[in-house]
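Chemist: Encoded as structure tokens, here's the structure I'll be asking about.
Just so it is clear, none of the values below were taken in a lab; they were calculated from the coordinates. Treat the numbers as computed from the prediction; the structure is a model and nothing was measured. In this analysis, Cβ positions are derived from the backbone assuming ideal geometry, glycine residues included, and neighbour counts consider all displayed protein chains.
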């Protein structure tokens, strides 16, 4: 049962599509490992471009991975670190009143 509706974010349709594309690619072994990560990195980049209220929070993303039968830990780490790296690269402050996931 998908519980991601319990979170107070209205996720963009583009991010939903990209995330489930990655989940399908990952679960179906459709691409080599580097190509799978490339699909996920694209999702991280797209997430950065969305407002906080329109992208997945960590808990929401972890829940979706768990419900999909995927160990969330490596992907959550890359997602969080990737977003913060992109924020710093774009001269945003991070944490507190700055950029947050």
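Chemist: Report, in deg cm²/dmol and to the nearest 500, the calculated mean residue ellipticity at 222 nm for the chain, where each DSSP H run with n ≥ 4 adds -39500 (n - 2.57) and the sum is divided by the residue count.
Modeler: -19000 deg cm²/dmol
Chemist: Which distance in nm do the two modelled labels at residue 80 and residue 58 give, with both placed 7 Å along the Cα-to-Cβ direction?
Modeler: My value for the distance between the label points is 0.2 nm.
Chemist: Return the FRET efficiency for the residue pair residue 73, residue 41: r is the Cβ-Cβ distance, R0 is 25 Å, and the value is rounded to the nearest 0.05.
Modeler: Calculated value: 0.90.
Chemist: Something else now. Roughly speaking, what % of Cα-Cα pairs in the chain are separated by over 20 Å, rounded to a whole number?
Modeler: Value for the chain (Cα pairs over 20 Å): 35 percent.
Chemist: Quick one: angle between helix 58-67 and the longest Cα principal axis of the chain, in degrees between 0 and 90, rounded to 10, please.
Modeler: 0 degrees
Chemist: Also: Report relative contact order for the chain in percent, whole number only (criteria: Cα-Cα under 8 Å, sequence separation at least 6).
Modeler: Here the relative contact order equals 30 percent.
Chemist: Can you give the FRET efficiency to the nearest 0.05 for residue 21 and residue 92, using r as the Cβ-Cβ distance and R₀ = 35 Å?
Modeler: Plugging the Cβ-Cβ distance into 1/(1 + (r/R0)^6) gives 0.85.
Chemist: Could you work out how much longer the chain between residue 50 and residue 66 gets when fully extended? Use 0.36 nm per residue separation minus the Cα distance between them, nm to one decimal.
Modeler: 3.4 nm
Chemist: Which whole number in µm²/s is D for segment 30-76 by Stokes-Einstein, with the Kirkwood Rh taken over Cα pairs at 10 °C and 1.306 mPa s?
Modeler: Estimated via Stokes-Einstein, D reaches 137 µm²/s.
Chemist: Among 92, 48, 75, which comes first, second and so on when ranked by fewest other beta-carbon atoms within 10 Å?
Modeler: 92, 48, 75
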